[in-house]
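First the structure, in the form of structure tokens, and then the observations on it.
Just so you know, all these numbers are worked out from the coordinates, no wet-lab data involved. Because the structure is a prediction, the values reported are computed rather than measured. Don't worry about glycine lacking a Cβ; one is built from the backbone with ideal geometry, like all the others, and counts go over all protein chains shown.
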Amino acid sequence: MLSECSLTYGAHVSRTGRAAPLPPEERRSAILRAVRPVVLERGTRVTTKELAQAAAVAEGTLFRVFPDKAALVREVVLAAVDPADDVPAIEAIDRGQPLADRVRAVIEIGLARTSRTIRWMGILHELAHASDGTRDEDAHRRMTEFTQRQERGQRAVRAAITDVLGADGDRLARPADQVAELLAVTVLGLSMLQIEATRRGAEPQLPDLDVVVAHFLHGALGAHPPHPHPPHLHPSSSSAWRP
């Protein structure tokens, strides 16, 4: 939990003996991080008082940074669904683990993000329904910024996955960055199953992750794939055309 002082002052003390105020962006980010749990729990029902308590600041401090509660909640959601949030978890994967375990860890991190994102997007939809329908002149700008932030976050995630796979680069059939792209596509496919099930109000039925990992690493064919033309049908077989 933050304190009023920690949001107002940084760690450095000026020559006058007073702590230097936090830069506006740092103060903004600190508030967003502090109130994230209560926003996820309460959604749009969260009160200004609850937000201020979570950040350990006065309510007036919040509105010196954000114009209103809706703007604060919206910014919390957009920050929470930033893919770059997963980079520290991906970077923390033990490179000493077997490749299959590392691939599984990447998939689990991605699926956990999808579960959280579904909840966050529900809050964003609540905000939209709660609006009074007036035209938001900043909507286009916010959407552009959101798209750019998502793209930057996805690139950061791809880079982190590439690094996780890179330890086995000499074993991979393709460059690690291409394998990372394919792994991201696999996670996306599993995520779509989660999203579709949620849309229908059903429990997601995902394939066993050990099977997914094995399929990703070794493909659909067995160690000794069957001959494309069974012997009794192969054109070159002397018995193939016997009546």
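A few notes on this one:
- Counted charge near Q154, where neighbours are those whose Cβ lies closer than 14 Å (Asp, Glu -1; Lys, Arg +1): -1
- Karplus (6.51, -1.76, 1.60) ³J(HN,Hα), θ = phi - 60°, over the stretch 167-176, in Hz, Gly and Pro reported as x: 4, 10, x, 6, 9, 7, 6, 10, x, 4
- Take every pair of alpha-carbon atoms less than 8 Å apart whose residues are at least six positions apart; their mean separation over the length of the stretch 81-217 yields a relative contact order of 36 percent.
- Peptides 70-83, 108-121 ordered by average Cβ neighbours within 10 Å, highest first: 70-83, 108-121
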